1. Can you send over the carbon and sulfur percentage of the accessible area for chain B, probe radius 1.4 Å, protein chains only?
2. Put +1 on the Cβ of every Lys and Arg and -1 on every Asp and Glu Cβ in the range A:200-299; which of A:G257, A:I214, A:G240 then has its Cα farthest towards the positive end of the dipole?
3. Can you give me the long-range amide H partners of B:T78? Hydrogens built in the peptide plane at 1.01 Å from N, cutoff under 5 Å, separation of 5 or more residues or another chain.
4. Compute the angle between helix A:127-142 and the longest alpha-carbon principal axis of chain A, please, reported from 0 to 90 degrees and rounded to the nearest 10.
5. Tell me the label-point distance for the pair A:L51, A:V69, using the 7 Å Cα-to-Cβ offset, in nm and rounded to one decimal.
6. Where does each of B:R224, A:R63, B:R129 land when they are ordered by accessible area, with a 1.4 Å probe and the largest first?
7. Given B:L113, B:G180, A:A58, which one lies farthest toward the positive end of the charge dipole of the protein assembly as shown, if we put +1 on the Cβ of every Lys and Arg and -1 on the Cβ of every Asp and Glu?
8. Using +1 on the beta carbon of Lys and Arg, -1 on that of Asp and Glu, and nothing else charged, what's the dipole of the range A:43-109 about the Cα centre, debye to 20?
Amino acid sequence: MTVETFSGAERILEPSAGALLRRRVFGHAGFMIGAAIILAILAAALLAPWLAPHDPYAQDLTRRLVPPVWDAKGSWLDPLGTDQLGRDYLSRLLFGARISLLIGFSAALISGLIGTGLGLCAGYFGGRVDMVASFVVTTRLAMPVVLVALAVVALAGGSLHIVVAVLGLLLWDRFAVVTRAATHQVRQLDYVAAARATGCSTARIILAEILPNIMNALIVIATIEMANAILLDAALSFLGLGVQPPLPDWGLMVAEGKEYMFFSPWVIAIPGLALFTLVLAINLVGDGLRDLAAPENRN
Amino acid sequence: MLAFALKRLALALLVALTVSIISFSLLRLSGDLAQALAGPSATAADVEAVRKAYGLDQPLWVQYLAWARQALHGDLGTSFFFKEPVAAMIAARLPVTMTLGVSALLFALLVALPLGILAALKPNSWVDRLALTLSVVGQALPSFWFALMLMILFGLKLRWLPISGTASWKSFVMPAIALGYYGMPTFMRLTRAGMMEVLASDYIRTARAKGLRAPAILLKHALRNAIVPVVAVAAVQLGFFLGGSIVIESVFALHGVGYLGWESISRADFPVVQAIVLVLALFYIVLTLLADLLNAFLDPRIRVG
């Protein structure tokens, strides 16, 4: 009795697991900076209709290529200036955040489902299944992604859905490779053998026992692929074969501003910086999650 | 070793065949090629005429077999747009893309190797931090945007380098940087990790105990072993550079294979696109094959297990 009370008191003095986790998360500068930037961009995207000073599609040909407010010729009317058609740049930037986030998130989701499924099967069943899966991954890696994506989007039409689908169907290789390796490791563990011994079905073992244990790795890969999809979408739009005007896609804004970049460098500098910031933030969060999930950093 | 090499070669051939089938089907199935060729203002009868003329009315597998038979004989078809043999068009553009790819690789290695070695020698020093910052920033830069920024700075403001064309080696400096920086972080990390592992090993301690001078140890003993994984990855990375050069080539108007691919996509010139996909895939497959064989040659555990 006394012993139990004692150990109980001891436990109160120790910080709880949640508090430890919180301390580790908040102590990781890269993760915190990245997360703060992502939250800010997410808020900007969600609140775009209220934050944007103008309609992002409204043209005003009398006010073309007005410089941003910090320039001598700029004004608070268009804080980040206007583009070649006189559309307010800040408004376009805010609405553009929606496109980048949507594409990054959906493409990572699709590729995650494909890659994880393939990797789980390859890692769990091994043998011939593994051989086929690794052949599929090798084949996918041999295809020049940008060229194939460009050609397919050009033929199928550059709508948002098509771009998301094409990117999602192309970027699953890393998911598959990592899931395969992780599954291969986890399936040898005792608790998987125990689950098999108690008669769990294969589907249950894979989904309920293995999948939760490789989730950390999957989330890290998801951030990498999200960043990849955003960059690739921007490149497609930049080449004029991704989503089409007048959508305020950041890559498209760089492409449209290219002609004017020598006299008005900010028309390409601003959307490019936005892309860079978003991708950097996603990568920082991904790196942070990997550090936080690594067993040697616990406690 | 021979059995391993033959097995790898067979796999590579199978991958090449599969890539050709998939890319052929993708390009035929993702839209109506005849419509794209005839243009938006064509009548239904025009579209049908185009379909017949180019044999696009036949079943997909018939079209593929016809194409594959020619391809095996080195005939990659005829451009819809220029009415020229595709193989000759690609061959004429390849030197530009190869120069770009190789110089991008050289740039990445020239920056990454010294930084990686210094970072490994002094972990957590300012060099190590600089290397880390460079790789974090590098992986977030959109390549086309970075290229445009280089153009504004070095081409327009400083006027050091030409902003387009292939007139001299100077024309390749900016494109090589814009293409190569993306591969830099990988090399840097590999070099750093490899060097740290080797430097902690027994034979380096022995070399030190023998009284060899630090630079001799570093170059003769450590680097030689630490560099092995870098060489293999460099081969694969070159494949990626060649495949990814399309964006950079179109920014700098370098008339290489990637630029041709981009133009051909815009013109619905699909025999050319198809052939370029195949050629780039073949480069990647051959380079990975070489990397695999090199790895197996240097590390017997791979070819046995």
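1. Working: 10350 of 15130 Å².
Solvent-exposed carbon and sulfur of chain B make up 68 percent of the total.
2. Of the listed residues, the answer is A:I214.
3. Those lying under 5 Å, H to H, from B:T78 are B:V86.
4. 20 degrees
5. 1.4 nm
6. On the way: B:R224 165, A:R63 65, B:R129 140 Å².
My answer, sorted largest first, is B:R224, B:R129, A:R63.
7. Of B:L113, B:G180, A:A58, it is B:L113.
8. Numbers: 6 positive and 6 negative charges, 15 e Å.
Roughly 80 debye for the range A:43-109.
The values are calculated or read from the model by the stated rules, or taken from the named source; none is laboratory data. The shown structure was predicted, so the numbers you read here are calculated from the model rather than taken from an experiment. Cβ: placed from backbone, ideal geometry, glycine included. Neighbour counts: every protein chain shown. Note: areas computed on protein heavy atoms with side chains; ligands, DNA, RNA excluded. Shrake-Rupley method; radii C 1.70, N 1.55, O 1.52, S 1.80 Å.
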